[in-house]
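The values are calculated or read from the model by the stated rules, or taken from the named source; none is laboratory data. This structure is a prediction, so every number in the text was calculated from the model and none was measured. Neighbour counts run over all protein chains shown; Cβ positions are idealised from the backbone, glycine included. What goes into the accessible areas is simple: the full protein's heavy atoms, side chains included, and nothing from ligands, DNA or RNA. Shrake-Rupley method; radii C 1.70, N 1.55, O 1.52, S 1.80 Å.
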Amino acid sequence: NPYAGLVSGLRAAWLAGKTRPMEYRVAQLEALGRFLDEKKQDILVALASDMRKPSFEVEISEISICRSELHHTLNNLGSWMKDEHVEKNLAIQLDSAFIRKDPYGVVLIIAPWNYPIHLLLVPLIGAIAAGNCVVMKPSEISKNAERLVVETLLSYLDKDCFAVVTAGVEETTKLLENKFDYIFFTGVPSVGRTVMMAAGKHLTPVTLELGGKNPCYVSDDCEVHNVARRVAWGRFFNAGQTCVAPDYILCSAEMREKLLPALREAIAEFYGPNPKESPDFARIVGDKQFQRVRALLGSGRAAIGGQVDEQERYIAPTVLVDVRPEDAVMREEIFGPVLPILTVAGEDEAVAFINARERPLALYVFSSSQKVLQRVLEHTSSGGFCGNDTVMHMTLPVLPFGGIGHSGLGCYHGRFSFDTFSHARAALLRAAGREALNAVRYPPYSARRLPLLRAATETRRAPACTVL
């Protein structure tokens, strides 16, 4: 296997304990901060070349979000690394019981192309904070971002403990044949299944961040112009190539008639009368991805947008109406600047529609009624939930980010990243003496000793507390 030597070398460094000291972890994290600062212009250029991503979008979604994650981790790493002491029963009152946060060892991070810096570095921050050695596999689709990572990132990190692998499908398959101690994958469900099968051969734990079709229910009691702006921003940011973008709208027929002109107005406000000429609207990353998204425009009718330019890989911000649930645009994650609107009679029908499909990575609800927000939150299931906005929930490092079911397995961000890449190791340190206290549990057994043993080891139900 072409990667066996690389993995074994990293494992030797981890077994030597090089990544365990807090000082080492902090030094590597601070080096990542210097990478973000010193290579900022290179990151802007790389993403402009790959998908003509506006520098403003790169700043907030690639650089700023990584810096925020990094600072949050550095601010809290000392407390996260401390042993977590636990409640003890009578039998071990004189002993020490705690949870030690151990690194897994050598972990693999496979990143996607749509946010190639953010979705590589944020899990990397958690892996470093937890004390692991890491193999990083950036996406080969975002070619310039991949080249930047390969040529510059390792100059900031310890090459004994961190490596970058460039790989297509065939090479990644070979890479996955190696035994890793943890695998973190961000991508589509079909590839996620392949990763999970490969991990299963070594009983390797995984986190899978897979995306999905994120519903957006708009109730009739909304301020329609605010809804339009927030939905349009979330859907058309990065030309719709965002795993948590609202994937379709559910609303009444009456709301649709109000929402369409408001969306048209918001798109014109954001990108001008011709979005193709706007410096603030990105392009589809590659020809294969362009052809796939363009084919989805055949569903329903384009009430807004619909223009394409194959040479530029441009697809206009598009809103589709008269879409049927069985249409192609509703059978797969869109991952492009296309927003279908489907009509429902009301909140109950919207909830039933959502629950009849795979559980999404994100679910959005717009309503001026807290009761509506709470009812939809209570009666649906999704990786994350955001009321009266889109995407913003994932910017908080104190909230877990991850899917459920078809949209993913596991979570990360902030403390959740540290926990994801740490093994919670149970530890009990008992005194070598005081043997007389242990005699009650030894053979030959005696029925009269059983109540004493149970009293010393069982957890009792706490009495109910009545508030007067």
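Numbers at a glance
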read-out: Within region 401-419, tally of residues that are in contact with a helix residue (DSSP H, G or I) (Cβ under 7 Å, 6 or more places away or on another chain), open to solvent by 20 Å² or more (accessible area, probe 1.4 Å) and over 19 Å from Asn214 (Cα atoms); value: 1
read-out: Residue that is nearest to Lys18 (Cα to Cα) [pool: residues in region 153-171 that are open to solvent by 20 Å² or more (accessible area, probe 1.4 Å) and β-branched (Val, Ile, Thr)]; value: Val164
read-out: Residue that is nearest to the chain's Cα centre (by Cα), among those in region 179-225 that are polar (S, T, N, Q) and buried (at least 21 other Cβ atoms within 10 Å of the Cβ); value: Thr186
read-out: Some residue of region 33-50 being of a type in the set (Asp, Glu), under 30 Å from Lys288 (Cα atoms) and in the same structural domain as Phe418 (by the TED database); value: yes
read-out: Per-region count, region 33-59, residues closer than 21 Å to Thr73 by Cβ and in a helix (DSSP H, G or I); value: 9
read-out: Residue match in region 358-371 (condition: touching a Leu at 6+ places or on another chain (Cβ under 9 Å), surrounded by fewer than 18 Cβ atoms within 10 Å (Cβ to Cβ) and assigned by the TED database to the domain that holds Ile284); value: no
read-out: Residues that are assigned to a loop (DSSP other than H, G, I, E, B) and more than 18 Å from Gly126 (Cα to Cα), drawn from region 136-158; value: Ser139, Glu140, Ile141, Ser142
read-out: Scope region 294-333; condition open to solvent by 70 Å² or more (accessible area, probe 1.4 Å) and in contact with a strand residue (DSSP E or B) (Cβ under 6 Å, 6 or more places away or on another chain); matching residues; value: Arg294, Arg301, Asp322
read-out: Out of Val398, Val391, sole residue that is touching a helix residue (DSSP H, G or I) at 6+ places or on another chain (Cβ under 9 Å), modelled with pLDDT of 95 or more, surrounded by 13 or more Cβ atoms within 10 Å (Cβ to Cβ) and under 30 Å from Leu119 (Cβ atoms); value: Val391
read-out: Residue pairs meeting the criteria (Cβ under 9 Å; at least 6 apart or on separate chains; first within 12 Å of Glu30 (Cα to Cα), in region 63-76; second surrounded by fewer than 21 Cβ atoms within 10 Å (Cβ to Cβ) and of a type in the set (Phe, Trp, Tyr)); value: Thr73/Trp80
read-out: Residue identified as part of a helix (DSSP H, G or I), open to solvent by 60 Å² or more (accessible area, probe 1.4 Å) and of a type outside the set (A, V, I, L, M) among Glu87, Glu62, Glu23; value: Glu23
read-out: Meets criteria (in the same structural domain as Pro116 (by the TED database) and either within 18 Å of Ile404 (Cβ to Cβ) or of a type outside the set (Asp, Glu) (or both)) for Phe184; value: yes
